[in-house]
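Q: Before I ask anything, here is the structure I am working with.
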Ligand code: C2O
Ligand code: CU
Ligand code: CU
């Protein structure tokens, strides 16, 4: 499936110097794709595993998070060896209010470096979890910041360069919810009617441990798993009542993109994008959600009857070389209790002000097509027999360099950035740290701004053939932040740059 890309590489001027490396790469690719055809096919279970609900902790008092090895029962009746921030896989859900101060005592009990990046939070650079800021094994770090942003569903995960993919895949991630008074005024479903849905695919060895062993092929397309999990439960079910539910859906997968819908055709009432509530509810039957993205949705189960069973599923879609060819069920809902429902889904939500493109002082364009290899800094293309995996992907021809500043922007100014995947063959969910943006156009490919993109975003999916423009105003948090593809194998193999706010 990645053949076209390899043919392009071998056809390029660099081919001669790379010849040895490419030949072995093609060999291992053939090997990998043979393995992958069996490894990647989604395994469908009986949906008899009760959905795990992560504990919820209130961020008004100091929080302790410990990254360590745990066990979890991802597959019913089996013990999996995982990493987690609590006692199992993933982390407790952290809930905070806008305006409050948060203190997180983080302890690294792993045998390697890690850190925590607060994906979606607008916080100072020394708290953001950039790969330059690491926490050594058996060390602690106190993450302290104040919340200064609207209600939304954010998340957190490790960000040590070259290790992010493995640590997230093995279980380190969590949801970070911000609440505010504008949201509270909407009286949205809460308690048992507000459900976290963290979707991740895992590869699992026969002994129950999580298998993260990417070959070159997996680095090209991203690492996929055959077990589709929700909140760390594979083949899960959840019993629901005849009510409106609020689902906070996070695609926490390394690479897999889902085309979400309900098997019984009930629509998503989208009320929020990555980091905030929308101006008005968007009703739609399916949503393509890429790694890093979140949607906040209301789903109305009130007209279903007790005994009804249906699935959250992923349908096929046109996702370039490596995605969208399979449809599968993700989790099952059983309607088990009839109760009266008086809540009606609001059509208008919060004040959402689009940023006017006329405010932009600069437009920057980034070629994310990856049709050319990154140029090594010394101009010497001979990297020997083995391809340097940390430089397999690039943005605008550059692979990640921890210390290099690629873009410099000014605090409190507005810019338009364009991600150009017009010539690309793979999809790339592009994510910026430290700022929230709005999507202002998409040309090529799907050609429109989608309903779940009509609000505050920090991650946007660029399909092959697409050019996506975003607009943002940089906050007054000076320092160096990263932007990257949120396909974690792409990120770890170089598809990340730094921007500095001055
Ligand atoms: Cu969720 Cu730098 O990423
Ligand atoms: Cu982030
Ligand atoms: Cu990518």
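The numbers here are math on the coordinates, done by the rules we state, and not lab data. Note that the structure is predicted; figures quoted are calculated from it, not measured. Positions of Cβ are generated from backbone atoms using ideal geometry, with glycine treated the same way; all protein chains shown enter the neighbour counts.
Q: Listed highest first by mean packing, meaning other Cβ atoms within 10 Å per residue, what order do 153-161, 91-99, 408-416 come in?
A: Peptide ranking by packing, descending: 153-161, 91-99, 408-416.
Q: Here is a further query. Please work out the C-alpha center-to-center distance from segment 403-464 to segment 109-154 and express it in whole Å.
A: Measuring centre to centre over Cα atoms gives 23 Å.
Q: Please state, rounded to one decimal and in Å, the Kirkwood hydrodynamic radius that segment 123-204 gives when every pair of distinct Cα atoms enters the mean of 1/r.
A: Final number for the Kirkwood radius of segment 123-204 is 15.5 Å.
Q: Same structure again: So what's segment 93-164 giving for Rg/Rh, alpha carbon basis, Kirkwood Rh from the mean inverse pair distance?
A: With Rg and the Kirkwood Rh in hand, the quotient comes to 0.97.
Q: Using Cα pairs under 8 angstrom and six or more residues apart, how large is the relative contact order of the chain, in percent?
A: 16 percent
Q: Over segment 149-267, what is the relative contact order in percent, taking alpha-carbon pairs closer than 8 angstrom and at least six residues apart?
A: Value for segment 149-267: 28 percent.
Q: If I histogram all Cα-Cα distances within segment 191-337 using bins 10 Å wide from 0, what percent of pairs lands in each bin?
A: Histogram of Cα-Cα distances, whole percents per bin: 11, 40, 34, 13, 2.
Q: Same structure, new question: Quick check on segment 191-337: of the DSSP beta bridges with both residues there, what percent are antiparallel, nearest 5%?
A: Values: 35 of 47 bridges.
For segment 191-337, the DSSP antiparallel bridge percentage is about 75.
Q: Same structure, new question: What is the P(r) of the chain, as percent of Cα-Cα pairs per 20 Å bin from 0?
A: Percent of Cα pairs in each bin: 24, 60, 16, 0.
Q: Rg and Dmax of segment 357-501 over Cα atoms: what are they, in angstrom?
A: 15.3, 50
Q: Using the Cα gyration tensor of segment 432-502, with a ≥ b ≥ c the square roots of its eigenvalues, what is the shape: rounded (a/c below 1.5), prolate (a/b larger than b/c) or oblate (neither)?
A: oblate
Q: Viscosity 0.890 mPa s, temperature 25 °C: Stokes-Einstein D of segment 49-131 from its Kirkwood Cα radius, in µm² per second?
A: Details: Rh = 14.4 Å.
Stokes-Einstein gives a translational diffusion coefficient of 170 µm²/s.
Q: Now, a different point. Would you mind telling me the antiparallel percentage of the DSSP bridges in the chain, rounded to 5?
A: 70 percent
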